[in-house]
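Okay, structure first, notes after.
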Amino acid sequence: MKQIIQNLGNGETMLEEVPTPAVRRGHLLIRSKCSLVSLGTEKMLVNFGKSNLINKARQQPEKVRQVLEKVKTEGLMTTIQAVRNKLDDPIPLGYSNAGEVIAVGEGVTNFQVGDRVVSNGPHAEVVCVPVNLCAHIPDNVSYEEASFTVVGSIGLQGIRLAEPTFGETIIVIGLGLIGQITCQLLLANGCRVVGFDLDPHKVKLAEEAGVLAYAAAGADEQVKLVEEITDGLGADAVLLTVSTKSNEVVSSAAKMSRKKGRIILVGVTGLELDRNDFYKKELSFQVSCSYGPGRYDPLYEDKGIDYPAAYVRWTEKRNFDAILHALSSGRVRVEKLITEKFPIEKYSEIYNSLGSGSIASLLTYGNTDDSSVMSRTIIHHASPKSGRANCGFIGAGNFTKMTMLPAMNGLGYQLNGISSANGLSAKMLAKKYGFKYSTSDYNEILQDKDIDLVAITTRHNMHAPLVEKCLDAGKHVFVEKPLAITDAELDALEAKYEATGSGSIIHVGFNRRFSPYAVKAKQILGRTQGTLSMVATFNAGHIPNDVWVHDMATGGGRIIGEACHFIDLMSFFTDAPVVSVYATALGLHPAENSDNVIINLKFSDGSHGVLNYFANGSKAYPKERIEVYEGGRTLVIDNFRRMEGFGFKGFSSMRSSQDKGHKNQFELLRKHVETGIGPLIPFNILVNTTRASIAAVESFKTGRMILLNP
């Protein structure tokens, strides 16, 4: 299928052929009929992409600070590569779509195939959208009219925050698409509406709808007009539907407001506020969030958990319904707002002239059959080469893009297929790294007879089930940590491993043990001297609570998902499994997804380790540090950039650019797959490390020490 994407690195807007997305639980698969180009938002993204690195940095000073901190802790070259990979990642454009349902995901009950719906899907021939971001289109509303729904909901949410009452005077500054619809909604609400814009054409459109519209250029002139219209009282509320970096817009909104007036920012403006503008009038100022309550809430959007209407009357979905009803009843009319209309194949007619005075630009989609609904996109037709590890990927997210593929590049792997649920990310990585094909159906990877190694880099809850499917398919498996997120998953996986025999290599991405620092440490420590005392500190940094890794059902929490790295590293140093785990978490009653945890580990050889996993530290401090004490000697590995030895004969230190062992790991894995010499890490050790990670969470939840069978 075809999809419009934006490259943030070079500013290129492209029409790309990508696999059709797979329908997911709680989602609808929709064949697009029409989508609306958001000229303001999309122009901003296009302009950002076209700007040079210096201008990009000026627009995102917070990102610059993060980059500088990363340079200090991880080194210049590592940071440069990360920034390049990030900017090379294209993003889909568009968020106001209308089309027909062609598939319904598991758990969806209020939609069916054939329904006409709106959604916030991107500009693509087929989109996959959560049900709470979809709404039914009334029979008397065309697809073209319906495509205004999502953008209209942005204006509607601003109005809801302003809480206008019948007869109030409301000012709308900025008469672009959102401003025009906002004015119509306010008129339908019984308000006297005054609009300002610099474009005479937009002013005329607003006047034809019944707005007192003016092309007043200066702030003083606008304020004077409002005073005259309101007999000196001032505006009851001001909605800012404009996009500008200037602070003057908010200042003039304050000056034209009555005492205790309301100002709602729907668009984008400078926000250096003058206290005096607000102080004497006791004005309220609020920023509107997109389409309404539920926006950016993963429970509402991703999991489909609705807010009760008795307590949250207007969610984003219910705002969609309200706009559609207004279109159906004729209270909002959008025909005159349509400036141009092109089939998606002629997208450049719109994007080459963004900001040229258009109000609403529409993209149409001509395919009415199933010819565009294909899960696979062929990149090239190369035949697999014998004797080489032929690899397929399930998952095309950040770890695949930022870490795995750069590390594997040039190591001799043959890359066959790569899958992602949305199709787009897989296609772009397939093009960049020379995969044979990309797909949105991971079963194609499992069924591909040319693939002997499958790399699993999905969200954590899919790891164990996919490893089982790989074993059934007779594939070798690389699975990014963790191997599983529950004991039940691990039990099932052990049973499957025994049932299918040991013909397949299972490798978990515990890369730290393959770092040159870890290899050198083990070499100079030796394992004939005695037991080890180890202290590992993971300055993990804060991750927002709404990120999926904190969801225990999806990500398993950060201890299971990331602290496992150092449990494995300690097992590597000791050559021994964990036999007991005792953990405590920050706070008197820690949540099971706590990410401030101290873990005490006992190994079968008598060694012990303390693992400090902290999310409340400074990002300026190095992320990872491990200390090993044994026989009057001490080793310190600092962020895998340097190592110091104390009490060793012939060794004092080593230093290099940061190397966490990814490249060495994949080089060894390729050799093991090609030669059939067995696993890099014994399966029982992989299981033991995973059990210990799961046990750590159980320990700090219950306050008990957890004993493991080594």
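The values are calculated or read from the model by the stated rules, or taken from the named source; none is laboratory data. Quick caveat, the model's predicted, so the values are computed rather than measured. A quick note on method: Cβ atoms are made from the backbone with ideal geometry, for glycine too, and the neighbour counts reach across all protein chains shown.
Do any strands (runs of 3 or more DSSP E) entirely within segment 183-247 hold 3 or more residues that are assigned by TED's automatic domain parsing to the domain that holds F278 and under 23 Å from K259 (Cα atoms), and if so, which?
Values: elements: 192-196, 212-214, 235-240.
By residue number, 192-196, 235-240.
Just checking, does segment 663-673 include any residue being acidic (D, E), within 33 Å of the chain's Cα centre (by Cα) and either at pLDDT below 95 or not in a loop (DSSP other than H, G, I, E, B) (or both)? There is at least one residue in segment 663-673 that is acidic (D, E), within 33 Å of the chain's Cα centre (by Cα) and either at pLDDT below 95 or not in a loop (DSSP other than H, G, I, E, B) (or both). Taking segment 3-31 as the range and being of a type in the set (A, V, I, L, M, F, W, C), outside any strand (DSSP E or B) and surrounded by fewer than 21 Cβ atoms within 10 Å (Cβ to Cβ) as the test, only L8 passes.
Quick grid of which residues meet (1) in a helix (DSSP H, G or I); (2) closer than 22 Å to D551 by Cα:
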| position | (1), (2) |
| --- | --- |
| N461 | yes, yes |
| A464 | yes, yes |
| V467 | yes, yes |
| F478 | no, no |
| K481 | no, yes |
| E489 | yes, yes |
| A492 | yes, yes |
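Taking segment 552-650 as the region of interest, the strands (runs of 3 or more DSSP E) fully inside it that hold 2 or more residues being farther than 23 Å from T689 by Cβ are 633-638, 642-646. The residues of segment 533-551 that are of a type in the set (A, V, I, L, M) and touching a helix residue (DSSP H, G or I) at 6+ places or on another chain (Cβ under 6 Å), listed by number, are M534, A536, V549. A search for C-beta distances below 6 Å between a residue of segment 698-710 that is modelled with pLDDT under 95 and any residue that is among the hydroxyl-bearing types (S, T, Y) and surrounded by 15 or more Cβ atoms within 10 Å (Cβ to Cβ), counting only pairs 6+ apart in sequence or on different chains, returns P710/S604. Candidates in segment 534-593 are the residues that are among the small types (G, A, S) and without any contact (Cβ under 8 Å) to a residue 24 or more places away in the chain; of these, the one that is surrounded by the fewest Cβ atoms within 10 Å (Cβ to Cβ) is G587. Within segment 131-151, residues that are hydroxyl-bearing (S, T, Y) have Cβ atoms under 6 Å from residues that are surrounded by 20 or more Cβ atoms within 10 Å (Cβ to Cβ) and in a loop (DSSP other than H, G, I, E, B) in these pairs: S147/S96, counting only partners at least 6 apart in sequence or on another chain.
When you look at S386, is it modelled with pLDDT under 65, in contact with a Lys or Arg (Cβ under 8 Å, 6 or more places away or on another chain) and not hydrophobic (A, V, I, L, M, F, W, C), yes or no? Here the answer is no, as S386 does not meet what is asked.
In the set (1) on the phi > 0 side of the Ramachandran plot; (2) surrounded by fewer than 19 Cβ atoms within 10 Å (Cβ to Cβ); (3) of a type outside the set (A, V, I, L, M), the condition left unmet by G234 is number (2).
For (1) in contact (Cβ under 8 Å) with a residue 40 or more places away in the chain; (2) assigned to a loop (DSSP other than H, G, I, E, B); (3) within 25 Å of the chain's Cα centre (by Cα); (4) under 30 Å from G9 (Cα atoms), each residue gets a yes or a no:
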position: G94; (1), (2), (3), (4): yes, yes, yes, yes
position: E100; (1), (2), (3), (4): yes, no, no, no
position: V108; (1), (2), (3), (4): yes, yes, yes, no
position: F111; (1), (2), (3), (4): yes, yes, no, no
position: G114; (1), (2), (3), (4): no, yes, no, no
position: V127; (1), (2), (3), (4): yes, no, yes, yes
position: G167; (1), (2), (3), (4): no, yes, no, no
position: V172; (1), (2), (3), (4): yes, no, no, no
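Filtering segment 644-659 to residues that are of a type in the set (K, R) and out of contact with any Lys or Arg (no Cβ under 6 Å at 6 or more places or on another chain) leaves only K649. One residue stands out among those in segment 238-251 that are closer than 12 Å to L273 by Cβ and of a type in the set (S, T, N, Q): the one that is surrounded by the fewest Cβ atoms within 10 Å (Cβ to Cβ), which is N247.
Using the structure shown, decide if T403 is closer than 18 Å to L668 by Cα and of a type in the set (S, T, N, Q). Considered against the rule, which asks whether it is closer than 18 Å to L668 by Cα and of a type in the set (S, T, N, Q), T403 comes out as yes. Across segment 419-434, a minimum of one residue is classified as assigned to a strand (DSSP E or B), in contact with a Gly (Cβ under 8 Å, 6 or more places away or on another chain) and outside the structural domain of V127 (by TED's automatic domain parsing). Scanning segment 499-535 for residues that are at pLDDT below 90, outside the structural domain of N664 (by TED's automatic domain parsing) and not in a helix (DSSP H, G or I) yields G501, S502, G503.
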